[in-house]
Amino acid sequence: MPGLILHVRVLEQLIQMKLAKLNHHLITGLGLVTHQIYLHDWIICLYTSIMPIDLSMQFLTGFFERGWLFFYQVALAILMSLEHRLLAERELDRVLAILKFRQPSNRSVLISKRNRKAGSPKRDASKGRGLASWASGKLGGDSAKQTQAIAPGKD
């Protein structure tokens, strides 16, 4: 996939900026050498291996409409949703299992009823919410502008 390393580098910069505490925990505390270990999977499959089909369709629609900026926003939103859980982990292999969604229960960050009530990516037709508004809500404020400043031009 052309640009794989570029997209990993952009995401690593965003993680350092937006999730400094999590980044420090993973790199310094647990010895993660690079975020490539899980980001490659996310980028190559465009999240389709970790999201249920309805969310995958929402993601792909957003991705084709808005490009890589949308991908980066969703990546940060997923990490923000998992941050508390990841910071509590003391073993790198368990962190990687969470990030690679190896256990079905890990997907709950994307589909659980509890998260739906708090504005999860599950589409709520009555409120017009979907994956895009969930990711934007997780990032808040000027994050979209900051993400766009780091992100490469449209691919």
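Read-outs: derived from the displayed coordinates by stated rules, not from any lab. On a predicted model such as this, the values are computed, not experimentally measured, just so you know. Counting neighbours? That spans all protein chains shown, and the Cβs are built from the backbone with ideal geometry, glycine included.
Remark: region 50-66, residue by residue, has Karplus-estimated 3J(HN,Hα) of 10, 9, x, 4, 5, 6, 4, 5, 4, 4, 4, 4, x, 5, 6, 7, 10 Hz, where x stands for each Gly or Pro and the curve is 6.51 cos²θ - 1.76 cosθ + 1.60 at θ = phi - 60°.
If R0 is 22 Å, the Cβ-Cβ spacing of K100 and I53 corresponds to a FRET efficiency of close to 0.70.
With the simple spin-label model, which puts each label point 7 Å out from Cα in the Cβ direction, the R90 to D41 separation comes to 2.4 nm.
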